[in-house]
Every structure is written in structure tokens, then in C-alpha cells.
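Below is one structure, written out as C-alpha cells, with a few remarks after it.
The values are calculated or read from the model by the stated rules, or taken from the named source; none is laboratory data. Predicted, not measured: the structure shown is a model, and the values here were computed from it. Backbone-built Cβ (ideal geometry, glycine too); neighbour counts: all protein chains shown.
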Amino acid sequence: MIERTPILNILTHLILISGLVIILIPIWLAFVAATQTLQAVNSAPVEFWPGDQLWVNLREAWALSDFGPKFINTLIVATGVVVGKITLACITAFAIVFFNFRGRMVIFWMIFITLMLPLEVRIVPTYAVAANALSPFQTILDATGLSGLIATLSGVEVRLEWNLLNSYTGLILPLVATATGTFLYRQFFLTIPDDLVEAARMDGAGPLRFLWDVLIPLSRTNIAALATIMFVYAWNQYLWPLLIITDRANYGMVVVQLSDLVPDQLTTGGGTPTWHLAMAATLVVMLPPIAVVILMQRWFVRGLINTDK
Amino acid sequence: MAEIRIRNLAKTYGKTTIMQGIDLQIAHGEFVVILGPSGCGKSSLLRMIAGLEEISEGLVEIGGTVVNALEPRERGCAMVFQNYALYPHMTVAENIGYALKVARIPKAERMARIRATAESVGLGDFLDRRPGQLSGGQRQRVAMARAIIREPKVFLFDEPLSNLDAKLRLQMRQEIRKIHNRIGATSVFVTHDQHEGMTLADRLVVMNKGTIEQIGTPAEIYERPQSLYVAGFIGSPPMNILPGQVSTARRGVLLEDGTLLPILSQLDAGDGAMVHVGFRPEQAELVEPGRGAFDARLDMIEEMGAARLCHLLFEDIPVSVLTEGRPALATGAPVGIRLTQEALHLFDANSGHRIELRRIDTRLVEMQPSA
């Protein structure tokens, strides 16, 4: 339904612009607050035009939060999550779409159902596993009596332990499994004509060769779309790093650091809330995701609407 | 040498059998066309030769080796697909050379062969383009070049021309035949288009419902169709078929309205046997009413350019006659149809098999309706 009348045009533009304003106002207020002094930001009424303290505030917030190493940490984790998610989603969807094995639909639906189990829902068991990634195996050994058997036979008590707390691995691995990505890839792989698969077989390309030479180049836009979404998702992680990282000096993430600057009972201790610093830090933390979205935008949109000509 | 021998081949999906009892021998260098309507199993047969589809039963031999358990690449076949199946992200050169790249042929040799092959199909100037920037005919050529460059023992074509427009189809048809003649590999070509089959084939294989109806040269199949099905399928416009009953006493076939079609040959059918009489529109002639073998009424005339196709009705059975003249007839007007003995084909009404007419008198006899 495409209608073009002047009144409708004006109306739709009004709706669009009001949506834009609603989104932009908080960001503008954050920017304004970041440019004020402590006194100005805490005085009523709320200032609506920027002051001249932006650079000063940025530097103070940066130093206060120790953002240098924290940015590097977060970049490592976000990149790890993105690479892991894309690799895993790609090979999972590859197996589900191009191989005919028993129970592949069951497996697909099991993956799909995990969409309903985000990290927040399963945070306690996930933490337990992160504390000792081998504990499920230990449980199996104990339950089957195998560990007891080994202990009596060899005299060695079996205690499997692999601690992921306070490590990049622990930050990355639980975030890597992705139903969304697998689904996106599956939908894309389903659009690949059978003829193309068969042509590759006639040309002598095995499955991995086909994946590498044909599927991956063809799914560039999907990779870009997935990478963008997942980078933002990983960058904004708060709960998980907060939970498993106690060694904040070495493994702190920017969003967790940022939350320390946001004034509350704990941080101000009754002092004047430092909103100007919190907002300055917010601006800095926002930059990498925005940069990624802008850089990837062209690919991103094409990947989601799935029409690479 | 790459002769193909197919013995007692069958294809089943679960409990449904889609093809059975296929026996076919294709000589080295022969161009065989498998012809049939959609769903007759012709593509499955080709794909079983290629190794893209599992063989349920029977044997496929290429060059004396049973290839049932071999991967497609080990069979020495190259295939041209209906939708070209080009890799959209690769250039023309990369598409053509992909099989060589997979086979780890050094880059210098690869480039030389790509160039030579592309030149041979007239794609020399398009090596850096992507498939998306090519026309349908050019894409078809890339698909052909991709098959040629592997120097296969066997070429397999799966309806490669059906996505092209009529003019290009004619042109590509000739080019395919020329390439076959030049390379001398064995070719198997699947199509539903009988013109393509007729013009390309050394031998035609007509398939129907998962079995082979007839194998023979295009001329044999046109002149002596072995079944009612082949008679109706081959030839355009299709053969006219009239039901009748053999009368040995009167030495002929009684048509529905009681007209006798004399058969001046020895007839291998008993008295009273139900048969179908067939004759081709191009082998009949329009004459004055009462002066032909039987009479019919005119329904309409189709202008074909070089000739006119007259649609007639005989006892409500449609009959068509191709005539070079321009008959000045009104709709519903009676008209006589003259037939020669050579034009007649007889088929058993129950089995559909051809009934041989052993000519004892090959004179052109004008048949008169019996009084």
C-alpha cells in the first residue's frame, strides 16, 4: 500500500520527526551535562545548552575510570564474542541445512528454543559452570559411580576443575552460543539453490571447500549484520562481567566501570552527585558501538533484508 | 573410451518407485538425448549417472568401471545445469577455473586453460565480469566452458536451454552440437523439447513414467513409434489417433462411424481386435468430401506461415491436417481426408504397443470409403 498525498506526507514526516526527537533528547541532555561544571550540572533548572567543560570532564572521567586498559579489555571480549558467535552460527547452520543426519530438526529446534533462555534467565547455573567448567562431567562421573571406581582402582581421586572466573575465556564463552545467529544463517543458507551445491560437487569441491569458497563469500553481508548486532550486544554486557570478574583491575569492562561513575548511595556517600563525569564517560563508552554501526551500516541493512542482488 | 552402460537401474524414495528397469548403452562419442515430459524421471536418470543422486538398484558403468559408489568428481563427468548454477561472487574466469583450482592445478597453467576455453566459447572479453553482469546466453556459455575445461569423459546436460529465449535457444543448440563434434566426448542431454531432441541427438531415448518407451535414431522414432505414447509425444503437431476395430474379413479397420480403412498389408491382429489408428497431420491430404479415406467437418484453420493447420472433427474426435494450400472452407463444411498406406500406424488399444504392418503391397493406393 503506497499512497502519496501531501497531507499524508506531512503526517508521516511529523511522526518520524517526533520519534527522532524522542530518541535524541536524552542523548542531547547527556551531552549537555557532560559539558558542564559540577555546580552547573547540579543547579536547577536543567541547562539546555552546552557549556565549555567537555574536554576537562572527559579527561577526568577517563582517568577516574581507568578507561585505557578497560577499553582494551572490552574490545578483546567484544571481538572474541563476535568472532565466536559468527563461527559457531555459521558451522551450526551449515550442518543443519546441508547435511542430512538423524535428528537434525530436533537439534535445530533445541537451538531455537534457547532464544527463550537468555543469559539473565540461566545466570545461576551458568555461573556454576563458569566457576568450574568441568563440573557437569564430574557430576556424570559421580552419578555413574565411575569416579569411585577409578579411586578404588588407582587410588587417585578424580576431581575435574577448570575455573573460568576472572578470565577472558569466562567472559566470552557463555556469550558465544547464539540462536539468533544460527537462525539468520539457516535462513540464508536455505536460499542457496540446490544447483549451486551440485555444481560445486561436480567441480570436485568437498563440503568444507564449498563452505569456504562459496558459502562464506556469499554470506558476507550476513556476517556484517551479525557482527554489528553482536558487537553492540557484547560491548553492552553488564550483568555477566559484574558477576564473574572480581579482579576488576585486570579484567574490568567499560560498562561496569561506567556504572561506578553513575551517582548513587554508594558512590557519592552523601556528596554532590557527579553527573557531569558520568555523562562524559557515557559519551566515551557509546563511541565504539556507534562507530561500528556507522561503518557497517551499508552491509548491515543488506544482510538483514537478505537481498544481495 | 567412455561408453556408458546402464543396467536394470531403479530409483525409489521410501516406498514409491519413480523409475525402474532402465537399460541403456551409450557408445563412446555418441550424443544421446533423453526426452520425456516433466516428472518422467529423465532428470533423475541423468543425476544418477552424474552421482548427484543415489542409485537404488542396478548398475551404472562409465568406461568399463562401475561408478555406483564413486563421488561425482571421480566419475569424470561434467554437468551443465538448467539454471547455469554459476557462483555469483566469482568472476567468469574464476567460475570457469574453479574445478582446476580445486584440483590444485598451478596458476599459470590454470590461467592459460581458462583463457583458451573462454576463447573457444566466445567469452574472451568477459573474463573479469561477474555472472550478474552477463546476459542469459553468456551465462550459458560460462556454464559450458566450466564443463569443457575439465576435459570430461562424459558431458551431462540437464535442460540447459530451457531458460533462453527462442532465438538464442536455436543458436546455442547448434553450438552445443558443434562443441560435441569438436571434443568427441560422450554426451547425454535431457530435455522435454522434442525439437531439441530431434535436432541434437544421434539417438533418442523417450521416457514415460519412469520407464524407457523407445530408443532409436530420431528418424526411427518419428517413422516407427513403438507405442501409442511415443506416437502422441513425438511430432508437432501431434499424430492423429482414431479408435477402431479390426475386420479380417474386410481387410481393414472399421472406424467408429462404420467407415472401413483398408489395410493392404499383413496384419498381426485378430478379427475384432480393438486398435488405434494413427496418422500424422503432415502425411494426410484434404480432398473433396467422399473422395478420401473418410470424411470430417472443418472446425478451424490455423495459419502457420509456410502451411495451414486445419483442425477437423471426425465424430467429435479432433483430427488435424497440415496443408500447403489455402483451403477456402467455412466452419462446419464437410471435407475428405486422403491417406496413403505408408502414413498409417496401428496400435493395440489395450497395451498401446505398435502392431507391425508387413507391407505386401507398397503401391500408393488411394483409399476409397466403402459403400
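Brief remarks follow.
- Members of the range A:183-195 found to be closer than 23 Å to A:MET110 by Cα and not in a helix (DSSP H, G or I), listed by number: A:THR191
- Any hit, the range B:285-293, residues being hydrophobic (A, V, I, L, M, F, W, C) and free of Cβ contacts under 8 Å to residues at least 60 places away in the same chain: yes
- Filter result (surrounded by 18 or more Cβ atoms within 10 Å (Cβ to Cβ) and of a type in the set (D, E, K, R)) within the range B:116-143: B:ARG139, B:ARG141
- Qualifying residue in the range B:54-67 (condition: more than 10 Å from chain A (Cβ to nearest Cβ), more than 29 Å from B:ARG115 (Cα to Cα), over 26 Å from the mean Cα position of the chain (by Cα) and not hydrophobic (A, V, I, L, M, F, W, C)): yes
- Residues of the range B:322-355 satisfying the condition of being buried (at least 17 other Cβ atoms within 10 Å of the Cβ), without any contact (Cβ under 8 Å) to a residue 60 or more places away in the chain and within 18 Å of B:TYR222 (Cβ to Cβ): B:THR340
- Test: residue in the range A:234-247 that is surrounded by 21 or more Cβ atoms within 10 Å (Cβ to Cβ), farther than 17 Å from A:LEU175 by Cβ and not acidic (Asp, Glu): no
- Residues of the range B:165-179 satisfying the condition of being surrounded by 15 or more Cβ atoms within 10 Å (Cβ to Cβ) and either under 20 Å from B:ASN95 (Cα atoms) or more than 18 Å from the chain's Cα centre (by Cα) (or both): B:LEU168, B:MET172, B:GLU175, B:ILE176, B:ILE179
- Among helices (runs of 4 or more DSSP H) entirely within the range A:196-284, having at least 1 residues that are more than 14 Å from every other protein chain (Cβ to nearest Cβ) singles out A:220-235, A:239-244, A:248-251, A:254-261, A:265-268.
- Answer from B:ARG250, B:ARG224 - the residue that is touching a residue at least 24 places away in the same chain (Cβ under 8 Å) and not assigned by TED's automatic domain parsing to the domain that holds B:ARG338: B:ARG224
- Those residues of the range B:68-85 which are more than 8 Å from every other protein chain (Cβ to nearest Cβ) and at negative phi, in sequence order: B:ASN68, B:ALA69, B:LEU70, B:GLU74, B:ARG75, B:VAL80
- Yes/no for B:ARG146 being of a type in the set (Lys, Arg), more than 9 Å from every other protein chain (Cβ to nearest Cβ) and either within 26 Å of A:THR191 (Cβ to Cβ) or surrounded by fewer than 18 Cβ atoms within 10 Å (Cβ to Cβ) (or both): no
- Checking B:ILE34, B:ILE49, B:ILE26 one by one, the residue that is of a type in the set (A, V, I, L, M, F, W, C), buried (at least 21 other Cβ atoms within 10 Å of the Cβ) and in contact with a helix residue (DSSP H, G or I) (Cβ under 7 Å, 6 or more places away or on another chain) is B:ILE34 and no other.
- Any chance A:GLU161 is under 28 Å from the mean Cα position of the chain (by Cα) and at pLDDT below 80: yes
- When the range B:91-115 is filtered for residues that are surrounded by 19 or more Cβ atoms within 10 Å (Cβ to Cβ) and within 8 Å of chain A (Cβ to nearest Cβ), the ones remaining, listed by number, are B:TYR98, B:ALA99.
- Considered as a group, the residues in the range B:238-258 that are β-branched (Val, Ile, Thr) and surrounded by fewer than 20 Cβ atoms within 10 Å (Cβ to Cβ) include one that is farthest from B:ILE337 (Cα to Cα), and that residue is B:THR248.
This table checks each residue for (1) loosely packed, with under 14 Cβ neighbours inside 10 Å; (2) without any contact (Cβ under 8 Å) to a residue 12 or more places away in the chain; (3) part of a loop (DSSP other than H, G, I, E, B); (4) within 27 Å of the chain's Cα centre (by Cα).
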| site | (1), (2), (3), (4) |
| --- | --- |
| A:ILE15 | yes, yes, no, no |
| A:TRP55 | yes, yes, no, no |
| A:ALA63 | yes, yes, no, yes |
| A:VAL77 | no, no, no, yes |
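- Restricting A:ILE27, A:ILE23 to those that are modelled with pLDDT of 85 or more and either in contact with a helix residue (DSSP H, G or I) (Cβ under 7 Å, 6 or more places away or on another chain) or under 20 Å from A:PRO273 (Cα atoms) (or both) reduces the list to A:ILE27.
- Answer residue from the range B:130-143, given it is within 14 Å of chain A (Cβ to nearest Cβ) and charged (D, E, K, R) and is nearest to A:PHE210 (Cα to Cα) among those: B:ARG130
- Some residue of the range B:289-296 being over 30 Å from B:CYS77 (Cα atoms) and either part of a helix (DSSP H, G or I) or among the β-branched types (Val, Ile, Thr) (or both): no
- Of the helices (runs of 4 or more DSSP H) lying entirely inside the range B:55-154, those carrying at least 3 residues that are basic (Lys, Arg) are B:107-120, B:136-148.
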